[in-house]
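Notes for the one structure printed next.
The values are calculated or read from the model by the stated rules, or taken from the named source; none is laboratory data. Bear in mind the structure is a predicted one, so any value in this text is a computation, not a measurement. No Cβ is skipped: glycine too gets one built from the backbone with ideal geometry, and neighbour counts run over all protein chains shown.
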């Protein structure tokens, strides 16, 4: 299944929808993560009945932190959940970039974003807690777990999702929010492989005295370490290393390997790792995909990581998915023809998300440099006022609300 629907399809779709303006329409959402649940809320607000299908046996998120920049906060406000989200997180931490010996290279200030305080710029909260909030808002009864989609079919009057247990569900709209290795994306545009970004990442949440933190990121040679405060005396930290794809943990184990990797880095990095149970440390290789020229065919479209997976280097993965959801709902309100609304949606979203994907990957490449001369040059750039202004301008474009 590929390409745009032809004129005959469009005529049939128009005929099928004549007289249906007052009829409740149904939306099928494949994927029950942050993007899928945000879409369920938004599309229901646009007048659709919603069913969400998640292949995992239970709805849960990994034990890591999540940064929501002001573009995502504006979108959550449109969904009616921003106030509760703010009560669950820590807003406006002032972070910076440091060298492994603790020297501050660049301090990000609220003034660079036209703010007197960082409170409205960024919110850090637990991924699992945000998922629970969105699940409650979407309605737990709308979600079916243990439902693995194996393909989709459609015609002029509707679209169907097929599941591995033989079940088939039909609706007026289907949204593939099923992540990096999306079945819906493959059904629409054929198989393709994600591209490895060249580094792996470890993430964890642990209890730790917040007054001992040095919020922000520390950049070494092919390695990084980030640390941020959370509610309830918890700290979210993450680490990266440039390694071949699929490399396993060291023989001494994950925690001991990280302690060896960051031995001698400034406080409290080693103490944070020591304070963390090994079972709480997650590891994942990092991937993205090249931008697609289109996300939609007929009544089916993509959203979030299924449409535009990006590296975590700009903290925009979940933010862009939540934006997608709100813009999709706006397009569905504005146009009663689902195929046309989906074309409007991708026309708005593809240019923006494609740029974010490119800039995230570029930021990751620079941050993972390992050549000593290149790293010294990078430190000099970070200390430059010009670079600080340019970085703030780039980030400000990214986090400016679009909803």
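Selection of the range 130-164 for residues being touching a helix residue (DSSP H, G or I) at 6+ places or on another chain (Cβ under 8 Å), modelled with pLDDT of 95 or more, crowded, with 17+ Cβ neighbours inside 10 Å and not in a strand (DSSP E or B) yields 130, 131, 133, 134, 135, 137, 138, 142. Here residue 347 meets each of (1) closer than 23 Å to residue 317 by Cβ; (2) touching a residue at least 12 places away in the same chain (Cβ under 8 Å); (3) over 19 Å from the mean Cα position of the chain (by Cα) with one exception, condition (2).
One residue stands out among those in the range 236-257 that are without any contact (Cβ under 8 Å) to a residue 60 or more places away in the chain, buried (at least 18 other Cβ atoms within 10 Å of the Cβ) and touching a strand residue (DSSP E or B) at 6+ places or on another chain (Cβ under 6 Å): the one that is nearest to residue 85 (Cα to Cα), which is 237.
When you scan the range 274-291, how many residues do you find that are in contact (Cβ under 8 Å) with a residue 60 or more places away in the chain and farther than 16 Å from residue 199 by Cα? Qualifying residue count, the range 274-291: 7. When restricted to residues that are closer than 20 Å to residue 158 by Cβ, touching a strand residue (DSSP E or B) at 6+ places or on another chain (Cβ under 8 Å) and surrounded by fewer than 24 Cβ atoms within 10 Å (Cβ to Cβ), the range 298-331 contains 1.
If the requirement is being modelled with pLDDT of 95 or more, more than 15 Å from the chain's Cα centre (by Cα), surrounded by fewer than 16 Cβ atoms within 10 Å (Cβ to Cβ) and more than 21 Å from residue 32 (Cβ to Cβ), which of these qualifies: 341, 334, 367? After ruling out the rest, the residue left standing is 334.
Just the residues that are in contact (Cβ under 8 Å) with a residue 24 or more places away in the chain, within 15 Å of residue 124 (Cβ to Cβ) and in contact with a helix residue (DSSP H, G or I) (Cβ under 6 Å, 6 or more places away or on another chain), please, taken from the range 75-93. Correct list: 76, 85, 88, 91, 92.
Inspect all residues belonging to the range 32-44 and state whether any of them is surrounded by 13 or more Cβ atoms within 10 Å (Cβ to Cβ), under 24 Å from residue 337 (Cβ atoms), out of contact with any helix residue (DSSP H, G or I) (no Cβ under 6 Å at 6 or more places or on another chain) and at pLDDT 95 or above. Yes, the range 32-44 contains a residue that is surrounded by 13 or more Cβ atoms within 10 Å (Cβ to Cβ), under 24 Å from residue 337 (Cβ atoms), out of contact with any helix residue (DSSP H, G or I) (no Cβ under 6 Å at 6 or more places or on another chain) and at pLDDT 95 or above.
Among the residues in the range 139-148, are any within 30 Å of residue 241 (Cα to Cα) and in contact with a strand residue (DSSP E or B) (Cβ under 8 Å, 6 or more places away or on another chain)? Taking every residue of the range 139-148 in turn, none turns out to be within 30 Å of residue 241 (Cα to Cα) and in contact with a strand residue (DSSP E or B) (Cβ under 8 Å, 6 or more places away or on another chain). Condition check for residue 171 on (1) touching a residue at least 60 places away in the same chain (Cβ under 8 Å); (2) farther than 26 Å from residue 28 by Cβ: one failure, at (2).
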